1. Which angle from 0 to 90°, rounded to the nearest 10, does the C-alpha axis of helix 6-19 make with the longest principal axis of the chain?
2. Any idea which of Asn94, Leu4, Gly142 is furthest toward the positive side of the dipole for the chain, if Lys and Arg beta-carbons carry +1 and Asp and Glu beta-carbons -1?
3. Could you give the dipole magnitude of the chain about its Cα centre, charging the beta-carbon of Lys and Arg +1 and that of Asp and Glu -1, in debye to the nearest 20?
4. Segment 282-404: Rg/Rh from Cα coordinates, Kirkwood Rh?
5. Relative contact order, percent, of segment 249-375 when contacts are C-alpha pairs under 8 Å separated by at least 6 residues?
6. Springs between alpha-carbon atoms under 10 Å, Gaussian network over the chain: tell me which of Pro157, Pro287, Pro279 tops the mean-square fluctuations.
7. Take every DSSP beta bridge whose two residues both sit in the chain, then give the antiparallel share in percent to the nearest 5.
8. With +1 on each Lys and Arg Cβ and -1 on each Asp and Glu Cβ, how big is the dipole of segment 219-313 about its Cα centre, in debye rounded to the nearest 20?
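Bear in mind that the values in this text are calculations on the coordinates, not laboratory data. No experiment lies behind these values; they were computed from the predicted model shown. Cβ coordinates were reconstructed from backbone atoms using ideal geometry, including for glycine residues, and neighbour counts include every protein chain displayed.
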Amino acid sequence: MKPLSVEDQTSLLKRCISLDLDLEKELKANSLTYDDLSYSKNVIQDDLFSDKSAFAEYKTLDQYRTDNHDVPTVSFFSGCGGMDLGFEYAGFQNIAAIELNEGFCKTIRHNRPANFVIGPPAYSGDARNREEIIEALRTKLGLTFASFEGVFHGGPPCQPFSIAANQRFSKNGDNFKRNGFQNTEYGNLLFDYVFYIRTLRPAVFLIENVAGLLTVDGGDQLSDAIAQLQNTGYVVTKPAVINAADYGVPQNRLRVFIIGYKKRSKDYIFPSPSDVKVPCGAILKLPLNGANNHITRKHKAESIIRYMELDYGERDQLGRVDRLDPKLPAKTVIAGGSNGGGRSHLHPQIPRTLSVRESARLQTFPDDYEFVGSPARQFTQVGNAVPPLLAYRLARSIFENFFN
């Protein structure tokens, strides 16, 4: 079929607006989808990447996979399994995932049916239920106190520490304040995680969170958590703020990582960042070919007619969405709150927001990793995750430093 011209597209959109027609139905009636739409200002994809030396080659997680060495790991606050995937591809054996969100648990079980998930419906999966978690780890896996010769990794829910989350609230409201550890639902989960580390004594542990964790409450309670771990006999690294884009992920995503290990002669050093970044266009230009989770939002004609006039990197102020620049790493994929899905960015070449699968590709999830639940919940799962490729890089460095 002949591609839709900008003129014909504009005419279709204006007709939908004037007659109050459903855009998706009108596109379908013309044997079109949102993917057939275009911006007024588009550059041919191949022209964008004519200077190959300016961009890093994108490598999928499958291209990094290493042989299994069977060092065991347990993940806490597992989400949909992003960190677990990184450790799995680095050769570790994921023996348990602890997660309280039933939807996230369903995604893990759907993709890894053999994995042991401590979460709904059989368990609460709530890290605050310490007796339940300890009992499950002891009876199902035989973990004993102070003797786990593997890795714990986890990121306590970050909402209380997130600047981006609080920007959604009015400055006059109580929710605007980054109440951190005072948050009664999430704020003290870091100390629950510290409890499991001190009780079961893994050889190595990893803590992941948003950078706001370093400054909330003046840093006092994070310092307290680190002191507790040091008093248990761990060497604890200085918190490292890492941008995923420095490690082959086609997305700017700042997170803080802390690694602890039992005393040894050599100090742990985080993997070195790359000077060359992977642009988001290198991933978003790849064909989808019927890939699962290619679910896009059903935009109205009024939105599309605004989007199509944006240039690369520009923002639609009304919808508060940005057209991604294909020659740069994407902006951070956003999870959204517990009651709503993430607000994805605009595709660089198609005037619509990214699909779940496209967002998952920016997060470096393999295409065969499928997200279950409603589209809103799928966006939340993807946006909450640690990019598996970044987790892989950290997992490989942990193996090489402590287990090789």
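1. With both axes taken from Cα atoms, the answer is about 90 degrees.
2. Gly142
3. On the way: 47 positive and 46 negative charges, 77 e Å.
With Lys and Arg at +1 and Asp and Glu at -1, about 360 debye.
4. 1.02
5. On the way: 170 pairs, mean separation 41.6, N = 127.
It rounds to 33 percent for segment 249-375.
6. Pro287
7. On the way: 16 of 33 bridges.
Within the chain, antiparallel bridges account for around 50 percent of the total.
8. Values: 13 positive and 8 negative charges, 71 e Å.
My answer is approximately 340 debye.
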